[in-house]
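Presented below is the structure to which this report refers.
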Amino acid sequence: MSRMLYPNIAVYQQEWLDVGDGHQLYLEQSGNPNGIAVVYLHGGPGSGSCKDHRRYFDPEKYRIILFDQRGCGRSKPSPSIKDNTSSHLVADLEVIRKHLSISRWLVSGGSWGSTLALLYGIQYPETVLGFILRGIFLGTTAEYNWLYGQDGVAGFFPEYYREFTAQLDEPKTNDVLQGYYDVLTGANEIAATAANKAWCLWELRLSSIEHRSIDSQHIEDPHQALCKAKISSHYFINKCFIDDDFILASIDKIKSIPAIILHGRYDMVCPMRSADMLVQQWPNARLQILPRAGHSGFESQTIDGFCQATDTMANFIAEQSIE
């Protein structure tokens, strides 16, 4: 029988944490204050956290920490790409850890959240108990080309890709990201609004194999859409501010840390090749392929796998602490 998300729980602490550069992060805690500290990193970049992210974790076992990355969601200002790079986000995570007086924590996340988790672990491996990651994205040129070029996933969804590129005046194969960035950061607010909806609709249509027909009506939060499109395009036009092979080339720094990695067989946003390459170089990582799942973190098989992974990791960490 498939696992469901844990029941809805309320937060016991909520705050806005000043991390410098004029940014304040929305930060919340729920679950057991004396439990295993776990931080969940949302995707995007720029998507923001949601209450269902708390529900991956047993609230009796975990001290659950969610936050909105700088420039998005409930963080202030939002949306903002000023002083917003991968290095800033890694530094913000360490500020949060120290602010909450946590010595070591479990780091988890999905999609872009997996990228940020890996970047953080590579820089601060001594603070990480383990990883639970979903939908691996390594920030490589091949992945950008797959998602935004005409020779990648566009071949599976040609009608959606035409609709996606129709927002641009001159949609050239290699200029889709630059074209969107120019519109999203330009002075024409009407064009920017249309572009951020199209950006989010493109990824939403690719994300789940459980959804039926999806149109712009499914984008319910215009602020979230604006944050995600503007910040994602900012990151992707800048190659996520990392070298193409940085994560795989740096994997030795975290190879001794245990990790559970989940990836949908039919993930059309982040191809499974990235997850496979990662675990081939990471002896302590276990890849669980979800045979009937896509990219979304809330498909039934993904929920089942993620909740089982958090239980497994909680038991493993408890056993390690006894030894």
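The values are calculated or read from the model by the stated rules, or taken from the named source; none is laboratory data. Everything quoted here is computed from the prediction, not taken from an experiment. We place every Cβ from the backbone using ideal geometry, glycine too, and count neighbours over all the protein chains shown.
Quick notes on this one:
- Those residues of the stretch 285-309 which are buried (at least 20 other Cβ atoms within 10 Å of the Cβ), touching an Asp or Glu at 6+ places or on another chain (Cβ under 7 Å) and not charged (D, E, K, R), in sequence order: A293, G294, H295
- Any chance I257 is assigned by TED's automatic domain parsing to the domain that holds F137, under 25 Å from I65 (Cα atoms), out of contact with any strand residue (DSSP E or B) (no Cβ under 7 Å at 6 or more places or on another chain) and surrounded by 15 or more Cβ atoms within 10 Å (Cβ to Cβ): no
- Pairs with Cβ under 9 Å, 6+ apart, first in the stretch 261-277 and among the aromatic types (F, W, Y), second part of a loop (DSSP other than H, G, I, E, B): Y266/I209; Y266/P291; Y266/R292; Y266/A293; Y266/G294; Y266/H295
- Given (1) under 18 Å from the mean Cα position of the chain (by Cα); (2) at pLDDT 95 or above; (3) under 28 Å from T85 (Cβ atoms), index of the condition V279 fails: (1)
- Where strands (runs of 3 or more DSSP E) fall wholly inside the stretch 1-78, the ranges with 1 or more residues that are among the polar types (S, T, N, Q) and either at pLDDT 95 or above or not assigned by TED's automatic domain parsing to the domain that holds R97 (or both) are 11-20, 23-31.
- Taken over the stretch 68-83, the residue count meeting the criterion of being in contact with a strand residue (DSSP E or B) (Cβ under 8 Å, 6 or more places away or on another chain) and either under 16 Å from W112 (Cα atoms) or of a type in the set (D, E, K, R) (or both) is 8.
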